[in-house]
Structures are given as C-alpha cells and as structure tokens.
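Everything below concerns the one structure shown next.
Throughout, read-outs are computed from the coordinates displayed, never taken from laboratory work. Please read these numbers as outputs of a predicted model, since none were measured by experiment. Cβ placement follows ideal geometry from the backbone for every residue including glycine, while neighbour counts extend to all protein chains displayed.
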C-alpha cells in the first residue's frame with residue numbers, strides 16, 4: 001500500500017531489539033511521570049491497514065508505559081448516544097486532561113476512510129471531512145496538545161500472512177473482525193483513498209509517521225522510540241513567550257449601534273403576542289422533537305440585559321422533558337485542563353432535545369479577551385474554532401441561534417439600581433457588575449468584532465433590542481419560531 | 001387508586017390559587033438562590049398514575065423556579081449505554097451537585113413498578129428492588145440530600161377524562177404515550193402493587209406525599225408549597241454537630257495477621273507460571289467479553305505493597321481495548337460535591353469490558369477514617385453502602401474481586417529505601433508515605449474491620465501475601481483466573 005511492493009521491509013534482529021528495551025522502558029515511564037505535572041496532554045492516533053498490528057501496538061503502549069495514566073479508546077461503530085450527535089462528538093468527549101495520554105485507535109482517520117471506501121461519502125464529503133480532521137488536529141495542537149499520528153502499513157502479501165496467522169492463533173482469532181479480510185480483498189481499491197487521506201492530513205503541526213508493520217519488533221521499537229522522543233522533547237522545550245499578536249486596526253461594522261432601542265410593546269399587545277408565540281413555539285418544538293432535530297440556543301448580552309427573563313419566557317412554553325438550560329460560570333478544574341470548547345461539546349443534546357446556553361463559548365472573545373484570561377493568540381484564533389464548531393452542529397441537523405441581549409448603558413444602570421431594591425433580585429448585583437460596566441466601550445468593540453466574524457447563515461446572530469423588556473421577549477420568541485419553521489420546511 | 005373512589009377530590013378556586021402565586025414564586029426563587037451556596041442538594045422525585053399530570057408538574061417547577069439550576073431528567077426506557085450497567089447506574093450518574101436541584105420524573109418508582117406490572121418481576125425481585133430503592137434514598141439522605149417524593153394520583157374516572165382531553169388537545173396529544181391508555185385499562189390491577197410500593201417506601205427520611213391530581217391548580221399549589229417549605233426549612237435548620245459515634249469495642253478477626261508472608265517463588269517457577277496464567281487470563285477475558293461479562297477489580301494495599309506491579313502483570317496479558325485502569329486520587333470538586341460513591345459509579349464499564357481500580361471506594365473506611373476526612377458516622381455507615389454497591393454490580397453480572405496487597409512493616413521500609421535510589425521510581429516516595437507508615441497499627445485495625453464487614457461471597461476479599469513480589473503476582477493472576485473460570489461455569 002504505502003510500502004512499495006517488492007521493497008525489502010525493514011527489520012530488526014531479536015538481539016538488537018532486546019538490547020534497546022530496558023532503557024527505552026525506563027525513559028518512557030520517566031517521561032510519563034514528568035508529563036503528569038505538565039500543562040499539556042498527549043494524543044496518540046493509531047491507524048493503519050493492519051488492524052491487528054495496530055491492536056498489538058496499543059497493547060504494547062499500555063504495557064511499556066503506565067496504563068493508569070493512559071486513556072485508551074478504540075473507536076468502532078458509533079454507539080446509539082454517539083450517533084445522535086455530530087460525528088466528532090465522541091472524539092471530543094474522550095479527550096484526556098493535561099498530564100495524561102489519550103490513545104485513540106482507529107478514530108477519525110479510519111472512520112472517515114471507512115465511509116469513503118464503503119461509498120457513504122461522495123468526493124466532496126470526503127474532502128470536507130479531511131478538512132475537519134485537519135481543523136480538529138490544529139485546534140488541539142494550538143491548545144498545547146502533543147498530537148502523534150502513526151500509520152501501520154503492511155504490503156498485500158504480508159497482510160495476507162498476518163490474517164492467516166491470526167485466524168490460527170487461539171489467542172488472537174477472537175479479535176478478528178468481519179472487515180479484516182475485506183480490507184485484504186479490496187487492498188488495491190482501498191490504497192487510493194488512504195494515500196489521499198494521508199497526504200492531505202500530513203501537516204507540519206501533526207505529521208504522520210508511516211511505519212512498516214511487517215516486522216513487529218521493528219514496528220514497536222520505531223513507534224515507542226518516537227513517542228519517547230516526542231514527549232521528552234516537548235517537556236524540555238523552553239516555554240516560548242506568546243508572540244505579541246498583530247492586532248489589526250480594522251474596525252468592524254457597528255452591529256450594536258445599528259439597533260433601534262426605542263422599540264417597545266404595550267402591555268396588552270405583549271400579552272397577546274406572548275400567548276401566541278408561546279403556543280407556536282410549543283407546537284414547533286413538538287415537530288422538531290419528532291423529526292429528531294435539536295435547537296441549540298446561545299444567549300449572550302450585557303449584564304442585566306435580560307437573558308434570564310428571555311430564557312424563562314421561552315422555557316415556560318416548552319415541556320420540561322424536552323430541553324436543558326446550561327448556565328456557564330467559571331470552568332471547573334476538569335474543564336480547565338482541556339480545550340475550552342470541550343465543556344460545550346459535552347452538553348450537546350440527544351436528537352430531538354433542545355439545549356439553551358446561558359452564556360456561551362463566546363466568553364472566549366468577550367470577557368476572556370477583555371480581562372486577559374485568554375492570550376491575544378487564543379482569542380484571535382477562537383473565531384475560526386467557533387465557526388467550525390457551529391458548522392458541525394448545523395451539519396448534524398442542529399438549529400444554531402445566537403442572541404445578544406442589547407440595552408443602552410443608561411438602561412443598564414437603571415436596572416442595576418432597581419435590582420438592588422427588589423427583594424428576590426438583589427443577589428443578582430455584585431461589585432463585579434459595576435466593574436464590567438466601566439468596560440462598556442471595550443465590550444462594544446469586542447462584540448462588534450465577534451458578530452462580524454461569526455455571523456453565519458447556518459448560525460446567525462440576532463441583536464435583540466432590549467431596552468423594552470416586553471419587546472425583547474417577543475422578539476426572541478418570534479425569532480426562534482421563525483427559524484424553527486424555516487428549518488422544518490414550513491415556509 | 002390511592003384516592004378513595006367516590007370521595008370528593010380536593011379543589012381550590014381560581015381566585016384563591018392566583019392570590020397565592022406571586023409570594024410563592026418569590027419565595028421559591030429566593031430559596032433556590034440560597035440553596036446555591038449550601039452544602040447539600042435537593043432531589044425531587046415525581047411519579048404517579050397520572051403521567052400527563054406529572055409532566056405538567058415538571059413544567060411548572062421549571063417555570064416557577066430558575067430552570068438553570070434544575071437538572072430535569074424524565075427516565076423512560078433505558079438507553080443502550082444504560083442497559084449495559086446496573087439498573088441504578090443512570091440515577092447515580094444524573095445526581096445533582098450540592099446547591100442544585102435534581103428533578104427526576106418516573107425514575108426508580110415507576111421503573112420498578114413497570115417491571116412488576118409487566119410481569120418481569122417475581123414477588124422476590126419486587127421486594128428486592130423495593131429494598132434497593134429504600135437503600136438508595138437512605139444513602140442520599142445520609143449524605144445530606146433533601147429527598148422529596150410526590151405521587152400524583154387520579155381516581156379512575158378522572159384519569160379517563162384526562163386522557164380523553166389530552167388526546168384532543170393539539171398541544172398535548174403529542175406527549176401521549178402508548179402505555180397511557182394501558183394504565184387506565186389495567187387501573188385496578190395496577191393499584192395493588194402501587195399501594196405496596198408506596199407503603200414500603202414511605203420512610204421517615206424520605207416520605208411520600210400523595211397528591212390528588214384531579215384539580216391541577218390544587219395539585220401544583222400543594223407540591224410547590226411543599227417544595228418551598230422543605231427547602232426553606234432545611235436551609236434554616238441549625239447545623240447539628242455530628243453525634244459522637246458509638247465506637248464498639250468489638251475486635252475483628254486478624255485477617256492480615258493470618259497471612260503467611262514467608263511464601264515465595266523461585267525466578268524459574270515464576271517465569272513459567274507467569275506465562276501460563278497470562279495466557280489463561282487472556283483466553284478467559286475473551287470469553288467474558290463475548291459473554292458480555294465485566295470484571296471489576298479493586299486493588300488496595302499498603303504503600304509500596306505492589307499494586308502497580310500487580311496491575312501491570314495483569315493488564316499486560318489483556319488487549320488494551322478490553323479494559324481501563326482508574327487511578328483514584330483526591331476527588332475533584334465535581335466529585336466532592338456528590339455522594340462519595342458517585343465517582344465510582346461513573347466508571348463502571350460497558351458489558352464485556354473490565355475495569356481495574358488502583359485504590360477504591362475503600363478509602364472511605366481506611367485513609368478517610370484514619371485521617372478524619374470522614375466523620376465516624378460517615379465511615380461507619382459506609383460498610384453497608386459499599387456492600388449494597390457491590391451487590392448491585394454482582395447482580396448485573398459483574399465479577400467483583402478485591403485485593404489487599406499485604407507486606408510486613410519491615411518489608412515496606414526496605415522498599416521505600418530501594419525506591420529512593422531507583423531512578424524511575426523515586427517519584428513514588430514522598431514524606432506522606434513515611435507519615436502513613438507511622439499509622440501502621442491504625443491501618444491494621446481498620447483493614448481487619450473492613451475485611452470482616454465487606455467480605456461477601458459475591459465480592460470476596462483476597463489478602464495477597466506480598467513480601468515476595470513474584471509470589472504475589474502469580475497469586476493475583478491465579479485468583480483472577482480461577483474466579484473468571486468459576487463465573488463462566490467452567491468448573
């Protein structure tokens with residue numbers, strides 16, 4: 001396949017192999033323990049046309065390193081709960097925290113190739129998923145993850161021998177899978193997409209190492225040495241100061257300023273419309289539920305902008321069993337030690353259920369940008385990461401809608417003061433709210449840039465005119481109804 | 001059913017209802033916010049013969065309280081990943097952290113009753129699961145959870161009306177479920193087990209409130225008032241000092257002292273047996289995998305007792321895809337704010353996979369007891385909680401094996417000193433290890449009590465003679481093999 005036919009495969013003598021093992025194992029264990037206190041994780045991707053060889057390598061890694069700090073996952077056919085989410089959901093969910101090693105067998109390289117080879121992917125789908133794979137790997141590397149990719153390759157003849165031997169070995173035959181002989185029979189046919197996939201995903205930040213699998217000892221030594229060198233190398237790397245980001249002088253359209261905050265509704269009109277749209281959203285959610293279609297609603301906005309009240313008007317119209325509301329506060333340690341999008345991937349709903357985020361992944365490009373919790377580099381690349389994330393939700397049939405609850409600075413002050421005297425709302429106002437208020441202009445710049453860069457047809461922003469609470473609530477309800485109707489094909 | 005036929009059902013006038021709402025809602029929101037900083041959680045169980053009414057109540061709770069801090073779960077038929085675990089796994093997994101409210105619809109009361117009514121349970125099973133339900137509720141209450149149980153009850157005639165109205169209502173008909181009419185048709189037949197279940201689970205620590213569901217306003221007011229009063233009452237309760245536990249003077253058999261630590265194996269014998277048992281355990285694990293049978297192996301022991309080395313000899317014989325090793329360190333905040341068993345429930349494997357715990361739930365009755373991290377009351381009741389937990393694993397077809405790696409105090413010192421000079425092991429020895437060593441006698445007392453109280457036929461303890469590492473490793477491997485063989489019916 002990737003090894004030239006007829007070429008001598010690489011080999012190592014048993015003596016030579018055994019001479020190298022003791023030191024290699026000590027090095028690996030030491031590297032692994034040094035890793036436990038490091039602020040990054042290691043992700044090893046194992047794939048190949050030699051599935052049995054790949055399994056052997058996974059065993060070897062767990063044998064020579066400390067299995068307690070390795071999260072091994074061999075990704076076969078997706079389980080029920082995985083089928084109901086975007087394709088990459090299961091890979092995101094299984095990501096190791098800092099200090100640990102994730103060992104992924106098969107995973108996206110094999111899962112994407114299988115769909116291509118089995119005819120489930122047209123050319124365009126194949127290319128799209130190759131791009132997604134590259135984006136995912138790039139995201140992880142950007143986040144500090146050390147990504148190591150190994151392709152274990154066997155020439156056709158050697159593969160046949162491997163399968164025959166495995167069938168005869170009582171200790172191995174039971175791991176034989178239906179498709180193992182299939183891979184052999186369609187060897188030449190499969191070679192082409194594999195070559196394309198590997199070339200397209202052999203990137204500088206996450207290069208492939210192609211390993212000839214004919215000689216098991218050679219294969220294991222090569223892979224294990226590479227893992228050791230990569231971890232040790234990375235641990236010894238001086239921590240480079242983050243390059244000062246080139247903040248462009250670009251200014252973005254004033255999406256917030258363009259909103260007419262004078263709009264309002266009378267109490268009577270409000271009551272009528274509230275009733276109308278709550279009934280409508282209830283009926284539409286039923287149809288979405290039956291169609292296995294999941295709304296993902298993201299609420300952002302100024303402090304006291306009315307997120308809570310808006311969410312309540314919406315959820316009051318929905319059956320409790322059909323949605324969850326996820327309030328986003330400071331990340332927990334489990335969340336902090338992974339890519340910042342991990343905590344949002346976790347909460348994606350099953351098909352037919354809705355999820356409502358009260359504050360969202362946009363914290364990265366607003367509060368984290370302004371307060372310096374994210375470096376310039378981090379928040380600047382976040383726009384692409386977010387667009388890619390939302391794109392995958394839309395692709396899986398989720399309806400992504402994003403709201404910025406907009407009010408004037410004067411209206412905010414009025415609300416803060418009103419809250420301070422309202423019995424059951426006073427817990428809502430803290431000194432931090434006043435501190436945030438002083439940064440109103442910084443937020444305006446950040447929000448306008450955010451909207452300009454992430455307002456997409458499949459995941460649009462809606463800036464809600466919020467000075468009049470009644471107007472805002474009907475606006476949100478109507479927007480959700482209209483989007484659901486369009487998505488369900490009623491228009 | 002539980003409401004006497006012919007009796008006037010309880011009602012409330014619309015005016016009376018509406019007069020009470022505003023204050024009630026303010027109270028509920030305030031109680032909920034005070035709860036956010038409390039060190040306990042609230043669990044509301046909703047059940048009844050009026051499923052549609054129960055759904056309405058769930059909506060109402062989410063409407064009148066703040067849905068962001070309520071985790072609502074309606075437990076229908078179990079999903080694939082739930083079917084592969086013990087029956088209560090999904091309830092444990094969904095438990096809210098401190099400060100939050102869990103709203104469980106149906107859950108164990110309905111799931112157990114459904115199995116009884118559908119003939120899946122014999123009398124004995126029904127009684128067993130009633131006991132389990134009581135134990136679970138008791139465990140949660142002991143852990144500080146406020147458990148509130150509501151049974152929404154409709155007389156037969158009212159149920160018929162409810163179903164007819166629901167069928168005609170375009171906004172509700174879609175939530176109609178197949179079994180809704182079934183419940184009506186078999187009304188009298190179902191009444192009997194329901195009565196039995198409710199009586200048997202109406203405990204002082206988690207009493208049922210039976211609510212007549214004929215009048216929706218009456219029903220909601222009664223439930224919401226009860227929730228408010230219970231949360232407010234609990235928040236205002238003075239924190240009682242933990243009662244000094246009556247430590248019994250009982251001494252337990254010296255299980256550790258009974259072990260012959262002189263046993264050893266020659267290097268040659270060891271190599272032979274290691275090879276033999278590793279092959280055997282590999283083959284047995286294959287059969288367990290095919291049978292959907294999951295070993296749960298718990299390793300405890302003295303510091304430097306050899307847990308790591310033993311686990312490694314075992315996992316080296318297993319395919320990496322078939323097991324996980326879970327190292328247990330200090331709990332994360334997410335774990336700390338739930339019942340201490342929650343973090344172990346989380347890691348239970350799918351059918352056919354093995355899980356190996358490196359340190360376990362027995363920390364509660366050893367290190368937590370000795371260091372005072374658990375109160376006397378907490379560690380003393382833990383024996384029952386643990387027995388119940390392991391019983392449920394065994395019942396689901398899991399093979400529970402527990403090892404105490406035993407060495408002499410002198411051998412421990414030798415190992416500490418050896419580790420301090422071995423390059424790749426020195427990270428393993430800290431001052432804490434020496435501090436623990438000083439408490440050798442306390443640990444001996446605790447371990448002997450632990451073994452006496454939790455050594456059960458379905459989850460036996462094995463005290464491993466560990467002074468000779470070779471002997472210990474073969475002992476563990478052989479024990480696992482023998483237990484697997486017995487379980488798979490080869491003997």
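The mean number of partner chain beta-carbon atoms within 10 angstrom of a residue's beta-carbon across peptide A:23-34 is 2.
Going by a ≥ b ≥ c, the root eigenvalues of the Cα gyration tensor, does the stretch A:267-487 fall in the rounded group (a/c under 1.5), the prolate group (a/b larger than b/c) or the oblate group?
Working: a/c = 1.67, a/b = 1.07, b/c = 1.56.
Taking the square roots of the gyration eigenvalues as a ≥ b ≥ c, the stretch A:267-487 is oblate.
Counting, for every residue in B:275-287, the Cβ atoms of other protein chains within 10 Å of its Cβ and taking the mean gives 1.
Suppose the chain between residue A:182 and residue A:332 were pulled fully straight at 0.36 nm per residue; how much longer would it get relative to their current alpha carbon spacing?
49.4 nm
Once the piece of chain linking residue B:455 and residue B:420 is laid out straight, how much longer is it, given 0.36 nm per residue of separation minus the C-alpha distance between them? Provide the component values of the computation, followed by the final result.
Values: separation 35, 0.36 × 35 = 12.60 nm, distance 3.52 nm.
Fully extending the segment from residue B:455 to residue B:420 adds 9.1 nm.
Relative to the longest principal axis of the Cα atoms of chain B, the long axis of helix B:187-201 lies at roughly 50 degrees.
Sorted by packing (mean other beta-carbon atoms within 10 Å per residue), highest first, where do A:16-23, B:283-290 land?
Values: A:16-23: 12.1, B:283-290: 19.4.
By packing density, highest mean first, the sequence is B:283-290, A:16-23.
On the basis of the beta-carbon distance and an R0 of 22 Å, residue A:433 and residue B:26 show a calculated FRET efficiency of 0.55. In degrees, nearest 10, range 0 to 90: what is the angle between the Cα axis of helix B:376-395 and the longest Cα principal axis of chain B? Once rounded, the angle reads 90 degrees. Measure off 7 Å from each Cα along the Cα-to-Cβ vector at residue B:373 and residue B:276, then give the distance between these two points in nanometres to one decimal. Inter-label distance under the simple model: 4.0 nm.
Taking a ≥ b ≥ c as the square roots of the Cα gyration tensor eigenvalues, with a/c under 1.5 meaning rounded and otherwise prolate when a/b beats b/c, else oblate, which class fits chain B? Intermediate results must be reported in sequence, preceding the final value.
Details: a/c = 2.73, a/b = 1.91, b/c = 1.43.
In terms of gyration-tensor shape, prolate.
Averaged across the residues of A:73-84, what count of C-beta atoms belonging to other chains lies within 10 Å of each residue's C-beta? Could the numbers behind the result be given before it?
Details: counts 3, 4, 1, 1, 0, 0, 5, 5, 4, 2, 1, 1.
If you average over the peptide's residues, the count of other-chain Cβ atoms is 2.
Modelled spin-label separation between residue B:134 and residue B:13, with each label point placed 7 Å from Cα along the Cα-to-Cβ direction: 4.5 nm. Gain on full extension, evaluated as 0.36 nm per residue between residue A:408 and residue A:93 minus their Cα-Cα distance, stands at 109.5 nm.
Assuming R0 = 41 Å, what is the FRET efficiency of residue A:283 and residue B:142, from their Cβ-Cβ distance, to the nearest 0.05?
Details: r = 45 Å, r/R0 = 1.10.
Here the calculated transfer efficiency is 0.35.
Position residue A:94: other-copy label points at 2.6 nm, ordered by increasing distance, label point 7 Å along Cα→C-beta. Listed peptides A:193-206, B:409-422 appear in the order A:193-206, B:409-422 once ranked by packing, highest mean of other Cβ atoms within 10 Å at the front. Across identical copies of the chain, residue B:409 has label-point separations of 7.2 nm, listed in ascending order, with the point defined 7 angstrom from Cα along Cα→Cβ.
Would you calculate a helix-derived [θ] at 222 nm for the protein assembly as shown, using -39,500 (n - 2.57) for each DSSP H run of n ≥ 4 and dividing by the full residue count, to the nearest 500?
Values: 40 runs with 510 residues, N = 982.
Taking each H run of at least 4 residues, the total per residue is -16500 deg cm²/dmol.
In nanometres and ascending order, the distances from the residue A:181 label point to those of the other copies are 5.0 (point 7 Å from Cα along Cα→Cβ).
Using a Förster distance of 22 Å, how high is the FRET efficiency between residue B:195 and residue B:237, based on the Cβ-Cβ distance and rounded to 0.05? Mind showing how you got there, number by number?
Working: r = 32 Å, r/R0 = 1.47.
For R0 = 22 Å, the calculated efficiency reads 0.10.
Of all beta-carbon atoms in chain A, the one sitting closest to the axis that brings chain A onto chain B gives A:80, 2, with the distance in whole angstrom. The C-alpha atoms of chain B define a longest principal axis, and helix B:156-168 lies at about 90 degrees to it.
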